[in-house]
Amino acid sequence: MMEKDGSVSNYLFDIDDNLLFLPTRLYLWNAETQIEQSITSGEFATIQRALGLPGKWQAWSIRDATFRDFRDCDGVAIDEQPFIRDLRVMVEGAHSWQGPSWPLLVHAASETRPIALVTARGHAPETIEYGMRLLVEKGLLPKLPPILGIYTVTHPTVRETLGVKDPAMTVPSVKKLAIRDAVNRSLQKYGKQPPHRFGMSDDDPSNIALAISAMRACKIDHPDKRFFVINSNHQDFSKLEIFPMDYPVTKIESGEPLLRDNPQIGQSSNIPNLKSTSERLISGGHASIQVRDITRSIAFYTSTFGLSLKSRSADDWAEIDAEEGFVIRLQRARLPALTSAGVLSTPCLELTVTKPIGEVSDILSSRGLEFLSTTTGAESSCKTLFKDPDGNLISLTFPLTVDAP
């Protein structure tokens, strides 16, 4: 478990859709008809934002009973609790149940590395541990790894243990307390001097942001320790290390600083030859925009640029994968004012291209695009501007090569 220098690698995990794909149900309530409807967690993620809005889900809402299967039931034996029941259904079913971080848990168990579980569920920690032992009993996990803590952050006792006195404290805030508590428990158990490592794995983008914030706070508290956040939301994991902003991070191979206030484009032989890259025209960026017709917009971004559709929820929203971690979120415009498609307040979608602007413009012009303008910034980049079918502004940017001073 320990390295020669006495250090230990610690693993922190979310459970749902990260370690395990559990069949836990949620229950929506229609106050007009006094009817309850059972849905999966995946369905809930898709329709959550539509609850209460004009349309199919206007009369539906969530209430305390919506999440009853995410908590223990009073007077029920531990082996019959909803979590254990769902766990048995999961491993005995025909569908794949291992989440993207399951191999990391297996590795932690095999190498006897300490773990912590941080989840929004409200079961008693003993129930979750019972489920872990059940996985070991069924031969699905090699053994039970050392457990620093099981933080079911909506459980009253867990919140009390973490010092939460205000019932209005949000789940993300309590999760941050849990992460810091797990780190402190590890340091108390394995010593404060060795250069221990801590990694938090999650598949939810909002939880990733939370983990980064929590790990950054831990880095401030323990600057001699290493902290990582593992994003398991994509097929290829992204492992991010947390550094203080004033830390002189360097790339050993070249001696170049990785964090620079004024990076010089084109001065290093490490800059890739853009003309030799694949036929993709886009490489990086992020935006969420309003559109009138989801199907039309999907066709525009996939056919014109050759991008791929990542996910879609009926005619309400869709996500376009623009590579390099960039996602274009298309949301159907519902209101006529500032949230309507193509209005002036809509932010410009800025995309980085993989070829010189002239080449890209010629390719896209042949596909029917009309450009509004092209500008060249002093010692920075060349940009060209056009609109999508809803009038959303799109800027294509290509970095210019400048001479090193």
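The values are calculated or read from the model by the stated rules, or taken from the named source; none is laboratory data. As the structure is a computational prediction, the values presented were derived from the model and not from experiment. A quick note on method: Cβ atoms are made from the backbone with ideal geometry, for glycine too, and the neighbour counts reach across all protein chains shown. Calculation scope for accessible area: heavy atoms of the full protein, side chains included, ligands and nucleic acids excluded. Shrake-Rupley method; radii C 1.70, N 1.55, O 1.52, S 1.80 Å.
Some points to look at:
- Test: residue in segment 34-48 that is in contact with a helix residue (DSSP H, G or I) (Cβ under 6 Å, 6 or more places away or on another chain), open to solvent by 60 Å² or more (accessible area, probe 1.4 Å), modelled with pLDDT under 95 and more than 30 Å from ASP224 (Cβ to Cβ): no
- In the set SER186, SER201, only one residue is modelled with pLDDT of 95 or more, buried (at least 16 other Cβ atoms within 10 Å of the Cβ) and of a type outside the set (Asp, Glu); that residue is SER186.
- Some residue of segment 239-256 being within 21 Å of LEU117 (Cα to Cα), acidic (Asp, Glu), open to solvent by less than 60 Å² (accessible area, probe 1.4 Å) and at pLDDT 85 or above: yes
- Just one of the listed residues (LEU26, LEU12) is touching a helix residue (DSSP H, G or I) at 6+ places or on another chain (Cβ under 8 Å), under 30 Å from LYS192 (Cβ atoms) and outside any loop (DSSP other than H, G, I, E, B), namely LEU12.
- Any hit, segment 62-71, residues being under 28 Å from the mean Cα position of the chain (by Cα), within 26 Å of VAL229 (Cα to Cα) and in a loop (DSSP other than H, G, I, E, B): no
- Residue in segment 2-20 that is crowded, with 20+ Cβ neighbours inside 10 Å and aromatic (Phe, Trp, Tyr) present: yes
- Among (1) touching a residue at least 12 places away in the same chain (Cβ under 8 Å); (2) surrounded by fewer than 13 Cβ atoms within 10 Å (Cβ to Cβ) - the single one ASP64 does not satisfy: (1)
- The selection criterion, being open to solvent by 40 Å² or more (accessible area, probe 1.4 Å) and touching a residue at least 24 places away in the same chain (Cβ under 8 Å), does not hold for GLN58.
- Restricting GLU36, GLU43 to those that are farther than 23 Å from ARG133 by Cα and not in a strand (DSSP E or B) reduces the list to GLU43.
- Flag for ARG71 being touching a strand residue (DSSP E or B) at 6+ places or on another chain (Cβ under 7 Å) and open to solvent by 40 Å² or more (accessible area, probe 1.4 Å): yes
- Per-region count, segment 119-157, residues open to solvent by 10 Å² or more (accessible area, probe 1.4 Å), of a type in the set (A, V, I, L, M) and within 22 Å of THR66 (Cβ to Cβ): 2
- Checking THR127, THR157 one by one, the residue that is part of a helix (DSSP H, G or I), farther than 17 Å from ASP17 by Cα and in contact with a helix residue (DSSP H, G or I) (Cβ under 6 Å, 6 or more places away or on another chain) is THR127 and no other.
- Residue selected from segment 96-118 under the condition part of a loop (DSSP other than H, G, I, E, B), of a type in the set (Ser, Thr, Tyr) and within 23 Å of SER9 (Cβ to Cβ), by the criterion least open to solvent (accessible area, probe 1.4 Å): SER101
- Test: residue in segment 83-95 that is over 22 Å from ASP204 (Cα atoms), in contact with a Phe, Trp or Tyr (Cβ under 9 Å, 6 or more places away or on another chain), β-branched (Val, Ile, Thr) and open to solvent by less than 50 Å² (accessible area, probe 1.4 Å): yes
- Among residues of segment 188-236 being assigned to a strand (DSSP E or B) and basic (Lys, Arg), the one that is farthest from TYR11 (Cα to Cα) is ARG226.
- As a summary of the residue check, CYS218 satisfies the conditions (1) at pLDDT below 95; (2) open to solvent by 20 Å² or more (accessible area, probe 1.4 Å) except for the one numbered (2).
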